[in-house]
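Below is one structure, written out as structure tokens; the observations come after it.
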Amino acid sequence: MQKNCIYLDNNATTKVDPEVVEAMLPYLTDYYGNPSSMHSFGGQVKKAVNQAQEQVAALLGADESEIIFTSGGTEGDNAAIRAALLAQPDKRHIITTQVEHPAVLSLCKQLEKQGYSITYLSVNHEGQLDLNELEASLTGNTALVTIMYANNETGVVFPIEQIGVRVKEHGALFHVDAVQAVGKIPMNMKTSTIDMLTMSGHKIHAPKGIGALYVRRGVRFRPMLIGGGQQRGRRAGTENVPGVVALGKAAELELLHLEEATARERKLRDRLEQTIIATIPDCQVNGHSTQRLPNTTNIGFKYIEGEAILYLLNQYGICASSGSACSSGSLEPSHVLRAMGLPYTILHGSIRFSLCRYTTDAEIDTVLAVMPGIVERLRALSPFKNDEASWLQERSMVISH
Amino acid sequence: MWDYTDKVLELFYNPKYQGVIEDKGEAGVKVAVGEVGSIACGDALRLHLKVEEDTEKILDARFQTFGCTSAIASSEALVELIKGKTLDEALRVTNKEIANYLGGLPEAKMHCSVMGQEALEAAIYNYRGIPLDVHKDDDEGALVCTCFGISDAKIRRVIVENNLTTAEEVTNYVKAGGGCGSCLATIDDIIASVQKESATPVSTSANHSNERSSVKPLTPVQKIALIQKVLDEEVRPVLIADGGDVELFDVEGDRIKVVLQGACGSCSSSTATLKIAIESRLRDRVSKDLVVEAV
């Protein structure tokens, strides 16, 4: 099993910080009490859970009572959307976007079959929303607007507060999937228009299987998981204490490093993408030039296919990601890149590099050293050399949402 | 990552036959090209063949592939399989052989092997002057999968050729249904229809097979007589109706030599006639190992 690699797939998951591991270990060994127990052995575990709540709340600029621990981003998104609908049974309209994570999109599809009306806002070629389209979609029947803070594939950041102002004017609830944004963008829920916000631990150097949902005090919340009275009755089930402690520590470290780390990542990311664009012909950055996460770049390489690029990168121990169909179980390329209306010449050959605070200059140097050769090698194999070939785009593909 | 075999990765990382073959006007040599797929579909293959005209032997082959790891490996495998073969021999290479040569492909990647087989057929049909489409029938009939532009006829063909029984398998082999998924129910219907259509011949052929297995194997004379009977009763009436005909010329083991006559002799689709109308019928009725060649 490959252990040492140049890991540039941090939007998929991140390395667990050694300090986080150290913090959680005692709760896998010595401190195994149930935080709901009435004895002091459980009580000391409860204190650790409370401390983690404070740490997460600090990262979000929230109050600790507004934090619910979940199993991760998918549960957070599902719980928020269902809670909003259950709390407003008379409203049957939801607004989201075409480029959401499947945790939101798949649920919306299911709700559509159950009679809800869903508006999927479009994005432009830079992956950005049109606020006029949002404005025109909001009605008195709109129960919820659920929009991601930053896109996982392109890193494009949506104008969340501007969106929130419009949502509040129409009396709808506002949920934000901030799985990719937390730890990369400063958050302050005290001054925000956001009602509910989802975050996930494994995107911020905590383990997989732990996350949190922020629910603004006063927002009516109907729990998805019902059982014991844990977490003030808003999420039943004994807490994943080691995970909760880990998330708390990871949140503390993210807050500590946020400013310095994001500045460093942005510098490395910019060097990576600018050098690639300058040295490799026929490629482009997918996504808005400035309204983007500091750690993400999505680059489309014309005339070659993403999975093949990934396998050649893998030869050098470089881990990245592709939005191409062939690297996923699906046969269609990324729904995000398709929604942006990118040409097929770019669509199938897009690679996402996502950095973290551990990414080094030397690692970026290695990627820059091998990437031109990889692209050249695959282009030598490709039958496509320019956009004029008659069979280049002869068949159309219907975009579905 | 996909669970690729070592052979897939070896051929992907070290392809030897990528590139083009330019027609330099060599005497007795002809270069043919076959293209399938498109950039919209996410994979495409252009196969170049250098053929010795007298013997129809494939002297050299090269590929240009846009696609994933297994698409590139399938292209390389295809060339390794067909180099040195005659065109008729190459035409008998199936997508299954390509996949087997690679030590297998993930189910979801079987369409890569299908693309290789289709490019080969396109190149050979081009060589023989049969216009454009590899499987002329493929573009006939209703368009089922609008995402990938795949017709009812093509789906039927791949179901029959690969004994597919689920819509998921069809998606793996030709991509149909792998986009928005709205045609999956239609694909299920096509599978049911193909199974229904094949039920009678299959049982008939099973009966034949049972009869054959319950008695002694056919002697050469019996075999020739049966071939002649099938040609006379089932093949010739169809060809005659189209202004053509076929005559049994010789039988050498499992190699059946026939003479195409009338319109069939000069028809640009004679290869298709030979392979689909005659060979498949004889395989069904007499022996699955039969190979039909025109003389």
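The values are calculated or read from the model by the stated rules, or taken from the named source; none is laboratory data. Remember, it's a predicted structure, so these values are computed and weren't measured experimentally. Don't worry about glycine lacking a Cβ; one is built from the backbone with ideal geometry, like all the others, and counts go over all protein chains shown.
Please determine, by comparing only the residues of the range B:17-53 that are touching a helix residue (DSSP H, G or I) at 6+ places or on another chain (Cβ under 7 Å), part of a loop (DSSP other than H, G, I, E, B) and of a type outside the set (Val, Ile, Thr), which one is modelled with the highest pLDDT.
B:TYR17
Could you please find all residues in the range A:197-228 being in a loop (DSSP other than H, G, I, E, B) and among the aromatic types (Phe, Trp, Tyr)? Outline the logic, then answer.
Taking the range A:197-228 and keeping what is in a loop (DSSP other than H, G, I, E, B), we get A:204-210, A:216-228.
Listed by number, the list holds a single entry, A:PHE221.
Which of the residues that make up the range A:369-388 are more than 8 Å from chain B (Cβ to nearest Cβ) and at pLDDT below 95?
Initially, the range A:369-388 is screened for residues more than 8 Å from chain B (Cβ to nearest Cβ), giving A:369-379, A:385-388.
Within the range A:369-388, A:LYS385, A:ASN386, A:ASP387, A:GLU388 meet the criteria.
Inside the range B:35-53, can you point out the residues that are under 18 Å from B:GLY129 (Cβ atoms) and either surrounded by 21 or more Cβ atoms within 10 Å (Cβ to Cβ) or touching a Gly at 6+ places or on another chain (Cβ under 6 Å) (or both)?
B:GLU35, B:LEU47, B:HIS48, B:LEU49, B:VAL51, B:GLU53
With a cut-off of at least 2 residues that are surrounded by 24 or more Cβ atoms within 10 Å (Cβ to Cβ), name the helices (runs of 4 or more DSSP H) lying wholly within the range B:63-128.
The qualifying helices (runs of 4 or more DSSP H) are B:69-82, B:95-101, B:110-127.
Mind counting the residues in the range B:145-190 that are under 18 Å from B:GLU107 (Cβ atoms) and assigned to a loop (DSSP other than H, G, I, E, B)?
Residues in the range B:145-190 being under 18 Å from B:GLU107 (Cβ atoms) and assigned to a loop (DSSP other than H, G, I, E, B): 11 in total.
Quick one: would you say B:GLU97 is away from chain A (no Cβ under 14 Å), of a type outside the set (A, V, I, L, M) and in contact with a Leu (Cβ under 8 Å, 6 or more places away or on another chain)?
The answer is yes for B:GLU97.
Across the range A:236-269, what is the number of residues that are within 14 Å of A:ALA206 (Cβ to Cβ) and among the basic types (Lys, Arg)?
1
Which number in (1) over 30 Å from A:GLU273 (Cα atoms); (2) surrounded by 14 or more Cβ atoms within 10 Å (Cβ to Cβ) marks the one condition that A:VAL165 misses?
(2)
Scan (1) closer than 17 Å to B:LYS109 by Cα; (2) at pLDDT below 85; (3) surrounded by fewer than 15 Cβ atoms within 10 Å (Cβ to Cβ) for the single condition B:ALA142 breaks and write down its number.
(1)
Within the range A:168-189, track down each residue that is touching a residue at least 40 places away in the same chain (Cβ under 8 Å) and part of a helix (DSSP H, G or I).
Scanning the range A:168-189 gives a single hit, A:MET189.
Scan the range B:168-188 residue by residue and report those that are among the polar types (S, T, N, Q) and away from chain A (no Cβ under 12 Å).
Going through the range B:168-188, the residues among the polar types (S, T, N, Q) turn out to be B:171-172, B:182, B:186.
Hit for the range B:168-188 is B:THR186, nothing else.
So which residues in the range A:12-33 are in contact with a helix residue (DSSP H, G or I) (Cβ under 7 Å, 6 or more places away or on another chain) and of a type in the set (S, T, N, Q)?
Those that are in contact with a helix residue (DSSP H, G or I) (Cβ under 7 Å, 6 or more places away or on another chain) and of a type in the set (S, T, N, Q): A:THR13, A:THR14.
Exactly one of these conditions fails for B:TYR13: (1) in contact (Cβ under 8 Å) with a residue 60 or more places away in the chain; (2) within 14 Å of chain A (Cβ to nearest Cβ). Give me its number.
(1)
Which condition breaks for A:ALA103 when tested against (1) in contact with a helix residue (DSSP H, G or I) (Cβ under 8 Å, 6 or more places away or on another chain); (2) within 16 Å of A:VAL167 (Cβ to Cβ); (3) not polar (S, T, N, Q)?
Going through (1) in contact with a helix residue (DSSP H, G or I) (Cβ under 8 Å, 6 or more places away or on another chain); (2) within 16 Å of A:VAL167 (Cβ to Cβ); (3) not polar (S, T, N, Q) one by one, A:ALA103 breaks only (2).
Let's see how each residue does on (1) out of contact with any Lys or Arg (no Cβ under 6 Å at 6 or more places or on another chain); (2) at the interface with chain A (Cβ under 10 Å from one of its Cβ atoms); (3) in contact (Cβ under 8 Å) with a residue 40 or more places away in the chain:
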| position | (1), (2), (3) |
| --- | --- |
| B:ILE39 | yes, yes, no |
| B:LEU45 | yes, yes, yes |
| B:GLU56 | yes, no, no |
| B:LEU59 | no, no, no |
| B:SER75 | yes, yes, yes |
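Every residue in the range A:308-319 that is more than 9 Å from chain B (Cβ to nearest Cβ) and either of a type in the set (D, E, K, R) or surrounded by fewer than 23 Cβ atoms within 10 Å (Cβ to Cβ) (or both), please.
Correct list: A:LEU313, A:TYR316, A:GLY317, A:ILE318, A:CYS319.
Anything in the range A:330-364 that is of a type in the set (Asp, Glu) and at pLDDT 95 or above? List them, or say none. Working first, answer last.
Looking only at the range A:330-364, we keep the residues that are of a type in the set (Asp, Glu), and these are A:332, A:361, A:363.
Matches in the range A:330-364: A:ASP361, A:GLU363.
Kindly provide the set of residues from the range A:83-95 that are surrounded by 23 or more Cβ atoms within 10 Å (Cβ to Cβ) and assigned to a strand (DSSP E or B), ordered by number.
A:ILE94, A:ILE95 - these are the residues of the range A:83-95 that are surrounded by 23 or more Cβ atoms within 10 Å (Cβ to Cβ) and assigned to a strand (DSSP E or B).
Could you check how many residues of the range A:293-307 are in a loop (DSSP other than H, G, I, E, B) and within 12 Å of another protein chain (Cβ to nearest Cβ)? Spell out how you get there, then give the answer.
First pass over the range A:293-307, keeping only residues in a loop (DSSP other than H, G, I, E, B): A:293-295, A:302-305.
Keeping just the survivors that are within 12 Å of another protein chain (Cβ to nearest Cβ) gives A:302-305.
Here the count works out to 4.
Whether any residue in the range A:254-271 is touching a Lys or Arg at 6+ places or on another chain (Cβ under 7 Å), within 22 Å of A:ASN50 (Cα to Cα) and touching a residue at least 12 places away in the same chain (Cβ under 8 Å) is what I want to check.
No, there is no match, as no residue in the range A:254-271 is touching a Lys or Arg at 6+ places or on another chain (Cβ under 7 Å), within 22 Å of A:ASN50 (Cα to Cα) and touching a residue at least 12 places away in the same chain (Cβ under 8 Å).
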